[in-house]
Ligand code: 0PR
């Protein structure tokens, strides 16, 4: 029997989503191409330049350089690698807020840099004061998160950029998930808002491209030179990517998604996701759960592990924060009807009724 992928109708935990139809079609068309060898596959190499240019528009970077990576993990590793190459410290360190993704731990392990985790504030964002305390002469990179994995929080990007500047460190913004909603969310986060040197922004998350399509952008193309190795037997002379053979499907689908959706489609999706997150937060609060108010469309709430397991048994795909809260990511495939059905199941499982109903008794 042929295996089938899961349906998306009960997936509340994922940061990936159904690709836009044009992105799916482009991915299929470019399945057998390798942008890692532009001499042999020139059409997909041209598409990659187009992808970087579109990512530049999304992030307010007029003359962007970068590439389509396998995902946010690779982009973050490469940002740390650039900073390590730039640094002349004996043992360079990288300062990441507690809200940072675990890919920075992989980067530190691989690259032999010290990882310094700065505590977050009461609202789960990087605390600029705490970051200040962590940096020193050997700091190669300061990281800010624009849309954190667990709570969708946006760090104070301009303040962190200033700290990096004052320390002579590079400044990296991880907008892997947040990059396609932040243009509409009225918070400083991009290359125009702060002295950002490098950024992660993944088309395969909120960008609605097929996996794998991550993004690494650099403000100054010379930063990419820090990654380049010679490629003697290819028609091109150097390669800056971490992987060799790469997915042309990811590149083509990233371009197709951005051409279809930037900016109006992403703006409309942001509005839908935001409204859904606000509705869910309200519905959970009505059921008397402690809710972490959403900034970007991720909702966390204190739901017992028994109820969590029962919901999973009902087929809901859920995940938890490090602190154990239930976490729902309002991705494009997450509809209001889905959330209503989810809240009904949660109410039934926990025997709770929403406040107005409870008052009726
Ligand atoms: N930076 C941030 C802020 C992220 O949220 C993530 C992934 C990454 C970097 C790493 O990106 P890649 O996974 O593309 O390498 N955050 C989610 C996580 O690790 C990714 C995810 C995606 C989780 C799909 C579940 C899922 O079904 O939890």
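Quick note: the coordinates plus some simple rules give every number you see, no bench work behind them. These figures come from a predicted structure and were not determined experimentally. Here the Cβ is made from the backbone with ideal geometry for all residues, glycine too, and neighbour counts use every protein chain on show.
Against the chain, whose longest principal axis comes from its Cα atoms, helix 248-261 is set at around 60 degrees.
A full extension of the chain between residue 49 and residue 123 corresponds to an added length of 22.8 nm, given 0.36 nm per residue minus the alpha carbon distance. Compute the distance from the alpha-carbon center of the range 118-148 to that of the range 151-225, in whole Å. First find each Cα centre; the distance between them is then 15 Å. Taking every DSSP helix (H) stretch of at least 4 residues in the chain, weighting each as -39,500 (n - 2.57) and dividing the sum by the residue count yields a mean residue ellipticity at 222 nm of -12000 deg cm²/dmol. For the pair residue 228 and residue 110, the difference between a 0.36 nm per residue extended length and the Cα-Cα distance amounts to 40.8 nm. When Rg and the Kirkwood Rh are both derived from Cα coordinates, the Rg/Rh ratio for the range 245-294 amounts to 1.27. Short to long, the 5 Å bins of the Cα pair-distance histogram for the range 1-151 hold 1, 8, 12, 15, 16, 16, 14, 9, 6, 3, 1, 0 percent of all pairs.
Where both bridge residues fall in the chain, DSSP classifies roughly 55% of the beta bridges as antiparallel. When Rg and the Kirkwood Rh are both derived from Cα coordinates, the Rg/Rh ratio for the range 219-361 amounts to 1.18.
What FRET efficiency would be calculated for the residue pair residue 333, residue 184, taking the C-beta separation as r and a Förster radius of 22 Å, to the nearest 0.05? The computed FRET efficiency comes out at 0.70.
The alpha-carbon positions of the chain define a convex hull whose volume is 148 Å³ per residue. Between residue 341 and residue 138, the contour length at 0.36 nm per residue exceeds the alpha carbon distance by 67.9 nm.
Based on Cα contacts under 8 Å between residues 6+ apart, the chain shows a relative contact order of 23 percent. Here is the size of the range 167-266 from its Cα atoms: Rg then Dmax, 15.2, 48 Å.
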